[in-house]
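Undergrad: Just dropping this structure here.
The values are calculated or read from the model by the stated rules, or taken from the named source; none is laboratory data. A quick note: this is a predicted structure, and the numbers were derived from the prediction, not measured. Counting neighbours? That spans all protein chains shown, and the Cβs are built from the backbone with ideal geometry, glycine included. Remember, those area values only see protein heavy atoms, side chains included, never the ligands or the DNA or RNA. Shrake-Rupley method; radii C 1.70, N 1.55, O 1.52, S 1.80 Å.
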Amino acid sequence: MKIHSFKVTPNLPENMKFLEELSNNMWFAWNWPAIMLFLKIDENLWQQSQRMPKWLMASVSQKRLEELSKDEDFIANLKYVETLYRNYQNKKDTWFNGIKGEGKENFLTAYFSMEYGIGEGLPIYSGGLGMLAGDHIKSSSDLGLPLIGVGLFYQKGYVRQVLNKDGWQGEEYPENDWAHMSVEPVLKADGNHLTVDIPLGRETVKAMLWRVPVGRTSLYLLDTNLPENAPQHRTITEQLYGGDRENRIKQEIVLGVGGVKALKALGMKPTVFHINEGHSAFLLCERIIETMQEKGISFEQAREIVWATSVFTTHTPVIAGNEHFDFNLVKKFMEPYVLQLGIGWDAFLDLGKETPQSPMFCMTVFALKLSAYLNGVARLHGKVSRAMWHNIWPGLNENEIPITHITNGIHAASWVSHEHADLYQKYVLRSETEINNFDHGIWNRVDNIPDEELWQVHMGRKEKLINYARQKIVQQARRIASSPIVSKSIMNMLKGDVLTIGFARRFATYKRATLLFRDINRLAEIVNNPARPVQFIFAGKAHPADTAGKEFIKQIYNIMQDPRFKGKIVFVEDYNMNLARYMVQGVDVWLNNPIRPLEASGTSGMKAALNGALALSVLDGWWEEVGPCDFSWSIIGAQSYKSDAERDDVESQALYNLIEQEVAPTYYDRGENKLPVKWLKMMKKSIKTIVPHFNTDRMVQEYYSKFYTKAHYYGGILKTDGKTAQVAAWRKNIADSWPRVSITDETGSIDHTILVGETLKFKARVTLGALTPQEVVVQLQLGLRSLGGSFESYKDEVMTFVRKDGDVYIYEAEVKPERSGRQDYAMRILPFNKDIPHPFTPIYVRWEI
């Protein structure tokens, strides 16, 4: 049977035409007045729509629209929202426009990610990576930063979690209703869909482009579900992280290579490319090929431009979590690109191998080797990443590995409750019109919020969370055909006056969702303490293939049935953005207990803190930059353990002790007015400490200052006539001459007493082969040698070329020690070229032997 389609759009009254534009821009998703507007059209339909305004507008009756067109209050609200929207879109004094100095001309960053959490009505996300990418896009829009997103257009959203009567996770994959989402096809001038052709081995797949307006910017999505594609190619973009390994590599080629081709087809010329996790790293191939073809230059020259203009953010602190592919699979689909690169198959594979003996092609390694700007997503994660990938930079001290960190943040307007936002507007922001003013001085005004009002708002959100959790659990009970008595009892579970601790995240085993249940009898005492009871709300999905994660969910589900915990420990199924919002806005305490240091960053705790919740967390990810502190609690264990069991025993006992001896007593300590005065003081200090720093406005500004502006600058230099040829020739000269480069310390022994501030003179003899002093930098490194023999520097001194002695160059340096105690030093030579971002990729370093 052949089915034909046509589209019918709402016949909006003239004074309501703006609703169509509003429905098509995801700006509504982080602006409460806009959401309230849709709620007023029809609250029941809005709840059913899963925050898809186009679905709402298609479902509401024409009669209702006519009624609203005559409702003065509604039209006044509509005009107010339109004013907010127009002011936002037309704002000239954005952060980016306010940046002083030159070098911003034609600046544009292309941001690539496998998933995006923009809003519930656009389900192309699965977890923290997507939430971070969505918040990155939204803050870029708020800041006026020229940035566009690139992703995939999935026919099915990520897995919907369905628990059976035994608590075992099942999965459903609902079709995305694209006709009613805030997305539009990209059309050519002739009205036809814009498509790009992407080689996949010996075949070619065609991808169509869709655009999602996100405030002032756009997210472009590639879709292979086209009639002209073969069946096996139509399903490439069917499902986020779906299919086998072959489909996975196809997805990543479509995202990376297809994304670059799409931007070119759109006429866009990004000056910076940001790779968010390794999935899209094949874009580096396509960029090199395009640069070779456009400029008629070699691979070596084109690589310089691409390397200097590429940013790579890694999110995964364990090797196994990084994307690896079998060599034969890579060859099957990437051979056409390798032929165009002209470097040979072995040389291409080397770009994806951590060491020459590596048995798999790693997308993270590929991105690390071909991107100049590299970062982890928290301070601790940066350190972990430098240790993880040390093999790529042999000869460098670990602290010098060129992977820095930019700590993640959250888009505050997307995660703050409207009640908290109103409170902040009244007492903190005052004349400010947006929640995203993160001046520390302004947020110190949190102290001005009356305790009664802050507690009233908090308890109101807590009540909403409890009611929502009950409704979700009732729906689950009805689905598995529980008796009406069970459904009725559910409506009595959880209590508003009980200390409520929330735990919600992906159920990966390292996040230890079941650590709380290590000593079930002690937990029962804590939960049922007659004077200080505690209740817990859990939520989260396990990856469909993660049996161990599913076992964790089942364990919690079974504990819920224990009479000691019934109605006091609950698991709410199908964790998504909506449930996450209820939880971070309503719990008293946010629990986070991963195995340190396996949590790269984490952002859910930031969202909870924005809404006044206190933290109970292991010192991992972003929390390592905050705790221990006097406004929340840190779960502290030993530096190392004999076994995993010992670690979990120790840290679970630490968790129980904190809840029993500190968290609960503080919560239930009430003053004369029955307010938890100390708790409220902690809430205020948490808000004013965390909110101004752990937000995506700060994060995006940091990406710009540390990476984007430099990539834009060096890209401009390298694209000038002849510059890449000069740099490539310098690279070749370095490679050819390096075997003959050496350095010898001629300082002599320093055996007399040295006083702090006294001048010390150092001397080195250097041989450079065919190189000149202008092509290298000679360094004296001050540092400390560990007992194991490794050396960690804390200061670099550039040594000065003073004279030539035959074929040897003499270098000297003067240093005034600034600290006492034993100090060590080493001498080395590095390549130097002012036209590249840094000299560490590829690595050439010559230490004194």
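Undergrad: When you look at LEU374, is it at pLDDT below 95 and among the aliphatic types (A, V, I, L, M), yes or no?
TA: In short, no.
Undergrad: Read through the list (1) within 28 Å of ARG245 (Cα to Cα); (2) out of contact with any Lys or Arg (no Cβ under 6 Å at 6 or more places or on another chain), then give the number of the only condition that GLU304 fails.
TA: It fails just one condition, (1).
Undergrad: In addition: So ARG386 ticks every box in (1) buried (at least 24 other Cβ atoms within 10 Å of the Cβ); (2) not aliphatic (A, V, I, L, M); (3) not in a loop (DSSP other than H, G, I, E, B) but one. Which box is left unticked?
TA: (1)
Undergrad: On to the next question. Answer yes or no: is there a residue in the stretch 451-472 that is without any contact (Cβ under 8 Å) to a residue 60 or more places away in the chain, assigned to a loop (DSSP other than H, G, I, E, B) and either open to solvent by less than 10 Å² (accessible area, probe 1.4 Å) or within 29 Å of GLY127 (Cα to Cα) (or both).
TA: no
Undergrad: Now for a separate question. Might you check whether a residue that is within 28 Å of the chain's Cα centre (by Cα), among the β-branched types (Val, Ile, Thr) and either over 19 Å from GLN293 (Cα atoms) or not in a helix (DSSP H, G or I) (or both) occurs anywhere in the stretch 709-726?
TA: Yes.
Undergrad: Could I ask something else about it? What's the total number of residues in the stretch 793-819 that are open to solvent by 90 Å² or more (accessible area, probe 1.4 Å) and not in a strand (DSSP E or B)?
TA: 4
Undergrad: Also, I was wondering about something else. Taking the options ALA110, ALA207, name whichever one is under 30 Å from ASP697 (Cβ atoms) and not aromatic (Phe, Trp, Tyr).
TA: That would be ALA110, the only listed residue that is under 30 Å from ASP697 (Cβ atoms) and not aromatic (Phe, Trp, Tyr).
Undergrad: Which of the numbered conditions does LYS678 fail, given that it passes all the others? Conditions: (1) part of a helix (DSSP H, G or I); (2) in contact (Cβ under 8 Å) with a residue 60 or more places away in the chain.
TA: Among (1) part of a helix (DSSP H, G or I); (2) in contact (Cβ under 8 Å) with a residue 60 or more places away in the chain, LYS678 violates only (2).
Undergrad: Within the stretch 50-68, can one find any residue that is surrounded by 15 or more Cβ atoms within 10 Å (Cβ to Cβ) and closer than 18 Å to SER417 by Cα?
TA: yes
Undergrad: Go through the stretch 69-100 and report how many residues are in contact with a Leu (Cβ under 6 Å, 6 or more places away or on another chain) and open to solvent by 60 Å² or more (accessible area, probe 1.4 Å).
TA: Adding up the residues that qualify gives 1.
Undergrad: Which numbered condition in (1) open to solvent by 10 Å² or more (accessible area, probe 1.4 Å); (2) outside any helix (DSSP H, G or I); (3) under 26 Å from LEU56 (Cβ atoms); (4) modelled with pLDDT under 95 is the only one that ARG211 fails?
TA: So ARG211 meets the others, but not (4).
Undergrad: Could you tell me how many of the residues in the stretch 393-426 are in contact with an Asp or Glu (Cβ under 6 Å, 6 or more places away or on another chain) and either hydroxyl-bearing (Ser, Thr, Tyr) or part of a helix (DSSP H, G or I) (or both)?
TA: Of the residues in the stretch 393-426, 1 are in contact with an Asp or Glu (Cβ under 6 Å, 6 or more places away or on another chain) and either hydroxyl-bearing (Ser, Thr, Tyr) or part of a helix (DSSP H, G or I) (or both).
Undergrad: Follow-up question, since we're still on this one. Which condition does GLY243 not pass, out of (1) closer than 14 Å to SER280 by Cα; (2) open to solvent by 10 Å² or more (accessible area, probe 1.4 Å), if it passes all the others?
TA: (1)
Undergrad: Next up: Sort out for me the strands (runs of 3 or more DSSP E) sitting completely within the stretch 506-614 that have 3 or more residues that are among the acidic types (Asp, Glu), in contact with a Lys or Arg (Cβ under 6 Å, 6 or more places away or on another chain) and open to solvent by less than 10 Å² (accessible area, probe 1.4 Å). Walk me through it before giving the result.
TA: Values: elements: 534-539, 569-572, 589-592.
Those strands (runs of 3 or more DSSP E) do not exist here; none qualify.
Undergrad: Listed residues TYR704, TYR713; which is more than 30 Å from LEU423 (Cβ to Cβ), of a type outside the set (A, V, I, L, M, F, W, C) and in contact with a strand residue (DSSP E or B) (Cβ under 9 Å, 6 or more places away or on another chain)?
TA: TYR704 is the lone residue from the list that is more than 30 Å from LEU423 (Cβ to Cβ), of a type outside the set (A, V, I, L, M, F, W, C) and in contact with a strand residue (DSSP E or B) (Cβ under 9 Å, 6 or more places away or on another chain).
Undergrad: On to the next question. Could you please give the count of residues in the stretch 681-697 that are in a helix (DSSP H, G or I) and buried (at least 17 other Cβ atoms within 10 Å of the Cβ)?
TA: Within the stretch 681-697, residues that are in a helix (DSSP H, G or I) and buried (at least 17 other Cβ atoms within 10 Å of the Cβ) number 11.
Undergrad: In addition: Could you count how many residues in the stretch 427-448 are outside any helix (DSSP H, G or I), in contact (Cβ under 8 Å) with a residue 24 or more places away in the chain and either aliphatic (A, V, I, L, M) or open to solvent by less than 10 Å² (accessible area, probe 1.4 Å) (or both)?
TA: Total satisfying the criteria: 0.
Undergrad: Then there's this: Checking GLN62 against (1) more than 25 Å from GLU184 (Cβ to Cβ); (2) out of contact with any helix residue (DSSP H, G or I) (no Cβ under 8 Å at 6 or more places or on another chain), which single condition isn't satisfied?
TA: Answer for GLN62: the failing condition is (1).
Undergrad: Oh, and also: Can you confirm whether GLN357 is assigned to a loop (DSSP other than H, G, I, E, B) and modelled with pLDDT of 95 or more?
TA: Here the answer is yes, as GLN357 does meet what is asked.
Undergrad: Okay, moving on. Given the criteria within 27 Å of GLY157 (Cα to Cα) and not acidic (Asp, Glu), does GLN585 qualify?
TA: For GLN585, the condition - within 27 Å of GLY157 (Cα to Cα) and not acidic (Asp, Glu) - is met.
Undergrad: Say we look at the stretch 222-253 and pick out the residues that are touching a helix residue (DSSP H, G or I) at 6+ places or on another chain (Cβ under 9 Å) and of a type in the set (A, V, I, L, M); which of these is nearest to VAL186 (Cα to Cα)?
TA: LEU222
Undergrad: May I ask you to list the residues in the stretch 101-130 that are farther than 16 Å from SER218 by Cβ, open to solvent by less than 10 Å² (accessible area, probe 1.4 Å) and outside any loop (DSSP other than H, G, I, E, B)?
TA: If the condition is that a residue be farther than 16 Å from SER218 by Cβ, open to solvent by less than 10 Å² (accessible area, probe 1.4 Å) and outside any loop (DSSP other than H, G, I, E, B), then GLY130 is the only one that fits.
Undergrad: Something else now. Show the residue pairs meeting these rules: Cβ distance below 6 Å; 6+ apart or different chains; first residue within the stretch 524-544 and touching a residue at least 60 places away in the same chain (Cβ under 8 Å) and over 16 Å from VAL587 (Cα atoms); second residue open to solvent by 10 Å² or more (accessible area, probe 1.4 Å) and in a loop (DSSP other than H, G, I, E, B).
TA: Between residues of the stretch 524-544 that are touching a residue at least 60 places away in the same chain (Cβ under 8 Å) and over 16 Å from VAL587 (Cα atoms) and residues that are open to solvent by 10 Å² or more (accessible area, probe 1.4 Å) and in a loop (DSSP other than H, G, I, E, B), the close pairs are LYS541/TYR575.
Undergrad: Name the residues in the stretch 820-834 that are open to solvent by 70 Å² or more (accessible area, probe 1.4 Å), farther than 21 Å from SER749 by Cβ and in contact (Cβ under 8 Å) with a residue 24 or more places away in the chain, would you?
TA: Once the filter is applied, which keeps residues that are open to solvent by 70 Å² or more (accessible area, probe 1.4 Å), farther than 21 Å from SER749 by Cβ and in contact (Cβ under 8 Å) with a residue 24 or more places away in the chain, the stretch 820-834 yields only PHE832.
Undergrad: Which strands (runs of 3 or more DSSP E) sit wholly inside the stretch 727-792 and have at least 1 residues that are acidic (Asp, Glu) and open to solvent by less than 60 Å² (accessible area, probe 1.4 Å)?
TA: Output list reads 742-745.
Undergrad: Tell me whether the stretch 753-760 contains one or more residues that are under 26 Å from PRO394 (Cβ atoms) and touching a residue at least 12 places away in the same chain (Cβ under 8 Å). Can you show your working first?
TA: Step one: of the stretch 753-760, the residues under 26 Å from PRO394 (Cβ atoms) are none.
Checked the stretch 753-760: no residue is under 26 Å from PRO394 (Cβ atoms) and touching a residue at least 12 places away in the same chain (Cβ under 8 Å).
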